[in-house]
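See below for the structure under consideration.
Please treat every number below as a calculation from the coordinates, not as lab data. Computed from a predicted model, the values in this text were never measured in an experiment. For neighbour counting, all protein chains shown are included, and Cβ atoms are generated from backbone atoms with ideal geometry for every residue, glycine included.
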Amino acid sequence: RLINFLQNGKSIYIESVDLGLSHQGTEFLGALGLQYSGDGGEYQVDSISGENGNFLKDNHFDYAGGVDPHYSIDRMAPLPGTEVLFYSEEQVGRIFAFENDVYRAISSTLVFGAMKNSDSLNIKPYLISEYLNYLLDIQTITSLEENLSSLFTAAFPNPFSDQIKISYELINSSFGH
C-alpha cells in the first residue's frame, strides 16, 4: 500500500529505530532509496549534524539516546540518488531524502521525538517546517531558523528573566507559503 501511495505522487516522512531490520529483504527500502546495512545494536546516537550542502546544512542537534527504547538503531546506506541529510557523531547516515519523478520521501532511523532542542532553536518545529518545505516543494526565502533569530534580535529586554515583549508585523497574509 505504501509503495502505491508513493507511486501515486504522494510524499512521505517516516521514522523508526528499526526501519531497516523490520523491512529487510523487502522492496520497501528500495522504494525509499535505502539499503539495509545492519542492526546498530549497541550503537547509541548522541548527536546528529546536517550534511554540508543540503537543505539542512550546518545544523547540529543532540539526540536523547539511552538504553531503552533507543538501544537498537539501524545502520542504513543510501542508494544512488539518495541524499544524506544528517550524520551521527560516528559519521553514519541517519536521516535520508530521496526523490524521483513521482514522489519525495524522507526516512529516519532516529526517533524524531527524542531529539533535544539546541540552545537557540526548537528542533522539532524547525525540522518539520524544513521537511514540509522539501516534501511539498515549497521554496522559502528564509528558513524558520533565520526567522526565529531575526525575531529574537527584536525582543525586549534582551536578555530577559521572567517576561519578554516580542513585537512583529506581518508583511502580507498567506497560507502555507
* Under 11 Å from the Cβ of TYR134, count the other residues' Cβ atoms, weight Lys and Arg +1, Asp and Glu -1, and hand me the total. => -3
* Asked: In nanometres, what is the gap between the two model label sites at LYS10 and SER129, each 7 Å from Cα along Cα-to-Cβ?
  -> 2.7
* **Distance in nm between pseudo-label sites at ASP162 and ASP18 (7 Å out along the Cβ direction from Cα)** => 4.9
* Structure fact -> Placing each pseudo-label 7 Å from Cα in the direction of the beta carbon, VAL102 and GLU89 end up separated by a distance in nanometres of 4.1
* Asked: Taking amide H positions as placed 1.01 Å from N in the peptide plane, with prolines and chain starts having none, which residues 5 or more places from ASN59, or on another chain, fall under 5 Å of its amide H?
  -> GLY50
